[in-house]
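A.B. asks: Attaching a single structure in structure tokens format; questions to follow.
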Ligand SMILES: Cc1cc2nc3c(=O)[nH]c(=O)nc-3n(C[C@H](O)[C@H](O)[C@H](O)COP(=O)(O)OP(=O)(O)OC[C@H]3O[C@@H](n4cnc5c(N)ncnc54)[C@H](O)[C@@H]3O)c2cc1C
């Protein structure tokens, strides 16, 4: 018999769980497909010391705040426990070990091709993650390097690097936090920064930076981009002398144009000031022993960790010519019954946006269902 569902959800990370819970609450059937063997596998694989950078108040999924006893910035393992309890509470029952291979249009519905067989769905919600595939830029000479090379996705803790000199490529949130982890674990980290970086403290005068970002959205970007450098110099000091220059694009402009969120400092800047973490410019070439930087200086390293980001991988699932709209609800998504959730990088935190999008998509799917029912009972 053909497997049929009103809604196929692809991925049981926070976004897939959030949309599934909203549909459950709306009395709407769905199938939740997850290629791995447990919910939110990405969170169980992240490096051990990772905590949410966003506050628990604005990072929980729909209907269920974090438990009162959780700290303001929730650590990885507690977040994973919260997500397990969430899936249980709404009886979400992901179908584990089912990988979606392709999504194609069949008349007015969708054919979802999975590793366990075809699934027909009136609506598809792609929740496969903005950070699905590690991005590994090519550097001249990379294969010549004799030390260990890895992407940040494969970094777990500092133990294997104790006593070693380690280059971290990129100072986004992950690179900055791994450098801190390494220095605390007895390694000698250096961060290579290309083109400058916007850095903000996790809290300004006790107020979480996420909340400041939410408030800042009410002011024009131009004013924010003029004001923030002044405020941040007061909070963090002038960091140019440590090799940490600001990019030409203002902070909010960079988020809008390049989807690059600022680096939230949780102690890395202090270690840079102390000289325990070094900063270098971009890499010109990788050599057998280490790297040559664009300023002509050389560095010898035992290991290089590429904290160079991720990309979403959903485009190759879609048959050619099918273009969903952007993340969330929009006319195109609504028209096709093909939704994306969690595919942007907002200053206000992706988890917060995922919750908002989940509720909007679930409402839109209910509206489509009601419209289609009404069309069926209209006399011809
Ligand atoms: C290190 C790190 C720290 C972060 N910290 C924060 C934070 O503090 N605050 C915040 O708001 N955001 C944060 N984010 C961003 C974001 O909230 C998380 O990445 C979050 O996990 C996104 O949830 P998601 O469900 O969209 O994606 P994911 O968690 O990546 O889940 C996607 C799921 O889809 C599955 N999947 C993928 N392809 C298929 C397929 N073809 N078939 C079936 N299943 C598939 C995957 O196995 C996975 O389980 C962080 C991200 C990272 C990487």
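FYI, it's all coordinate maths here, none of it is from the lab. Small disclaimer: the values here were computed from a predicted structure and weren't measured. Here Cβ is always computed from backbone atoms with ideal geometry, including for glycine, and neighbour counts include all displayed protein chains.
A.B. asks: Helix 76-89 versus the longest principal axis of the chain: what angle, 0 to 90°, nearest 10, using Cα atoms?
C.D. replies: 10
A.B. asks: How much length would be gained if the chain were fully extended between residue 154 and residue 88, taking 0.36 nm per residue of separation minus their Cα-Cα distance, in nm to one decimal?
C.D. replies: 20.9 nm
A.B. asks: Going by how many other Cβ atoms sit within 10 Å of their own, how do 231, 277 line up, fewest first?
C.D. replies: 231, 277
A.B. asks: In the Gaussian network model of the chain, springs joining C-alpha atoms below 10 Å, which of 141, 321, 196 carries the largest mean-square fluctuation?
C.D. replies: 321
A.B. asks: For the chain, what is the calculated [θ] at 222 nm in deg cm²/dmol (nearest 500), taking -39500 (n - 2.57) for each run of four or more DSSP H residues and dividing by its residue count?
C.D. replies: Mean residue ellipticity at 222 nm (helix-derived): -9500 deg cm²/dmol.
A.B. asks: Find how many whole Å separate the alpha carbon centroid of the range 87-103 from the alpha carbon centroid of the range 132-180.
C.D. replies: 32
A.B. asks: Moving on. What residue among 137, 118, 189 shows peak mean-square fluctuation when the chain is described by a Gaussian network model with Cα springs under 10 Å?
C.D. replies: 137
A.B. asks: Report the far tail of the P(r) of the range 274-331, meaning the percent of Cα-Cα pairs longer than 19 Å.
C.D. replies: Considering the range 274-331, 57 percent of its Cα-Cα pairs are separated by more than 19 Å.
A.B. asks: Sticking with this structure for a sec: Run through every distinct alpha carbon pair of the chain and return the Kirkwood hydrodynamic radius in angstroms, one decimal place.
C.D. replies: Computed over the chain, the radius equals 22.5 Å.
A.B. asks: What nm distance separates the two modelled labels at residue 297 and residue 48, each placed 7 Å from Cα along Cα→Cβ?
C.D. replies: 3.2
A.B. asks: So how tilted is helix 221-236 from the main axis of the chain? Cα-based, degrees 0 to 90, rounded to 10.
C.D. replies: Result, in degrees: 50.
A.B. asks: Starting with the fewest neighbours, write out 43, 110 ranked by other beta-carbon atoms found within 10 Å of each beta-carbon.
C.D. replies: 43, 110
A.B. asks: Something else now. Taking only the alpha-carbon positions of the range 20-159 and ignoring solvent, what does the Debye formula give for the base-10 log of I(q)/I(0) at q = 0.16, 0.21, 0.22 Å⁻¹?
C.D. replies: For the range 20-159, the Cα-only Debye profile gives -1.03, -1.35, -1.41.
A.B. asks: With both bridge residues required to lie in the range 80-215, what share of the DSSP beta bridges run antiparallel, to the nearest 5%?
C.D. replies: 70
A.B. asks: Exposure proxy check: 376, 177, 98 ranked by fewest other beta carbons within 10 Å?
C.D. replies: Least crowded to most crowded, the residues run 376, 98, 177.
A.B. asks: How far, in nm, would the chain grow between residue 215 and residue 162 when pulled straight, counting 0.36 nm per residue and subtracting the alpha carbon separation?
C.D. replies: Fully extending the segment from residue 215 to residue 162 adds 14.9 nm.
A.B. asks: Within the range 122-165, what residues put their amide N at less than 20 Å from the label point 7 Å along the Cα-to-Cβ vector of residue 316?
C.D. replies: Correct set: 126-139, 151-154.
A.B. asks: So if I take the centroid of the Cα atoms in the range 29-79 and the same for the range 313-380, what is the distance between those two points in Å?
C.D. replies: If we compute the Cα centre of each part, the gap is 23 Å.
A.B. asks: Mind pulling the angle between the C-alpha long axis of helix 14-25 and the longest principal axis of the chain? Nearest 10 degrees, somewhere in 0 to 90.
C.D. replies: 30
A.B. asks: Counting only DSSP beta bridges with both residues in the chain, what percent are antiparallel, rounded to the nearest 5?
C.D. replies: Just about 40 percent of them are antiparallel.
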